[in-house]
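Before any comments, here is the structure.
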Amino acid sequence: MSKILVTGGTGFIGSHTVVELHNAGYEVVIIDDLSNSNPKILQQIEAIIGIKPEFVELDLCDEAKVNEFVAKNTDIDGVIHFAAFKAVGESVQKPLKYYRNNFYSLINLINAFNSSVNLVFSSSCTVYGQPDILPVTEEAPTKKAESPYGNTKQIAEEILQETCAVTPSLKVTSLRYFNPVGAHHTALIGELPIGVPQNLVPFITQSAIGKRGPITVYGNDYDTPDGSAIRDYIHVVDLAKAHVAAIKRLESGKADSNYEVFNLGTGKGSSVLQIIDAFEQSTGQKLDYTIGARREGDIEKVWGDVTKSARDLNWKAELDIDVMMSSAWNWEKYLKDNPF
Ligand code: WQD
C-alpha cells in the first residue's frame, strides 16, 4: 500500500484529502504544526475513516526536524504539501512571516527527500490575477500577485518548475485551486476559520447561525450580470479527490513532464449575490446583507478551464452549488452543537 505524507493535513483541504486518500486505499501520515488548525480534527477524521491517522506535530521550517522525520520515514511514496500560511490580508501586514514560512517549509521538504519524490503542491488561481480571457487555462500568463500570499504561490511554482527542469528525480504537480467551499457530508470536518472569516462562504454560514451580523457584499458595480464579483466555487471533497488523482498520475509515470500544472475548479462562475441566493434556496435560511465598497485587491471575475484536468487527471468536479451550500450549513450547525 502506498504511503502519502500530507503536510497541513489537519487543515480544511488537507483533512478532506486525508479522508479521500484513505478511501482510495492509501496509508497516510500527517505533518502539521497546528499553527492554523485544531488538533481535534484528528479525532474527527478518525470518526470518518475508522482509524486514527498517523500524526506528527512538526514545524517544516525546522530543517533539522524535517530531515530527521524523512530519514526515519523511508516508506513515504509521495507528498501532498498543503502546509502554508494563506490569509491574504495578513500577508499584506506581515510579508516576511509569509515568505519565510511558505518558502522554508517547501525547500526543506524537497531537500529532505534529496529532490527525489512525487510531490503535489497546493497552489491557487490567484496566480492568474484578473485573467484577460475567461475561462482561464493553465497556459494563461501569471500576473503579479496582489498580495504577498499570492506571490508566495507564484514564486513557489517557479521554484518547483526551475528545480524540476534540472532534477529528473523530482516529479511535481501544482494544483491551482479556485474557491474551495463546503464540508464533508458527515458534517464532522469542514472549514474552521480563525477569528472573523475573510472568505465568503464561512462568513455566510456564521451570519446565518447568528454568530456574525449581516454579510457585506464587497461591491455591486463590477462588469458582471448582477454587478457582484464572480468566482469558480468548488466543493472541498471534489478538490480532495483531485489530489488523489494527481498522486495516481505521478505514480503511473504517464505525466508528460516532471512538472505539470492543473486547474481545479468546476469551470462555472457564480457571483456573490448568486451564492447568497443559492445558500437561501438550499438551506431555507434567510440571509441579511448590505452592499458595501469593493475589497482592496479583489479581482472582478474568474472561472477555470478544466479541460486539461478532466483529460489528464481523469477527474471532474461532481458536487453542485446546492451541495456546497447545504454541506457548509450542516457543518456550521454541527459546530454550534459541538464547539471545537
Ligand atoms: C469571494 C468573493 C469577495 C467575503 C481567496 C484567496 C484565494 C483562496 C480563496 C487561499 C469575492 C466576496 C467575500 C465577504 C464578499 N485562498 N466577499 N463579502 O478572495 O476569491 O479568494 O480565498 O488559497 O487564494 O484569494 O475568496 O471567499 O474571500 O471572496 O462580498 O464577506 O466574495 O469580494 O468577490 P477570494 P473570498
Task: Global geometry of the stretch 8-125, whether rounded, prolate or oblate, following the gyration tensor of its Cα atoms and the 1.5 cut on a/c - done: oblate
Open item on the list: Net charge within 14 Å of Ile133 by Cβ-Cβ distance, Lys/Arg positive one each and Asp/Glu negative one each, not counting Ile133 itself?
Closed with: -3
Task: Whichever lysines have a C-alpha closer than 20 Å to that of Lys40, once near sequence neighbours (fewer than 8 apart) are set aside - done: Lys52, Lys333, Lys336
Open item on the list: Can you tell me the convex hull volume per residue for the stretch 127-172, based on C-alpha atoms, in Å³ to the nearest whole number?
Closed with: 79 Å³
Task: Segment Asp277-Arg294, extension gain: residue separation times 0.36 nm, minus the distance between their alpha carbons - done: 4.2 nm
Task: Surface/4 estimate of mean projected area, convex hull on alpha-carbon atoms of the chain, nm² - done: 15.9 nm²
Open item on the list: Using the Karplus curve 6.51 cos²θ - 1.76 cosθ + 1.60 with θ = phi - 60°, what ³J(HN,Hα) values do you get for each residue of the stretch 182-192, in whole Hz, with x for Gly and Pro?
Closed with: x, 7, 4, 5, 6, 6, 9, 9, x, 7, 10
Open item on the list: Can you give me the distance in nm between label points at Asn314 and Glu162, each placed 7 Å from the Cα along the Cα-to-Cβ direction?
Closed with: 3.6 nm
Task: Relative contact order (percent, whole number), the stretch 1-121, Cα cutoff 8 Å, 6+ residue spacing - done: 29 percent
Task: Residue pairs, from the table Lys94/Lys144; Lys153/Lys241; Lys86/Lys144; Lys97/Lys211; Lys65/Lys143, whose Cα atoms sit over 27 Å apart - done: Lys97/Lys211; Lys65/Lys143
Task: Residue-count net charge about Glu57 - beta-carbon cut-off 14 Å; Lys, Arg +1, Asp, Glu -1 - done: -4
TODO: Between beta-carbons, use under 13 Å as the cut-off and find the net charge around Pro339, counting Lys and Arg +1, Asp and Glu -1.
DONE: +2
Task: Whole-number percent relative contact order across the chain, with pairs defined as alpha carbons under 8 Å at least 6 apart - done: 19 percent
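We did not get these values from a lab; they are worked out from the coordinates using the rules stated. Note that the coordinates shown come from a computational prediction; the quantities given were computed from them, not determined experimentally. Here the Cβ is made from the backbone with ideal geometry for all residues, glycine too, and neighbour counts use every protein chain on show.
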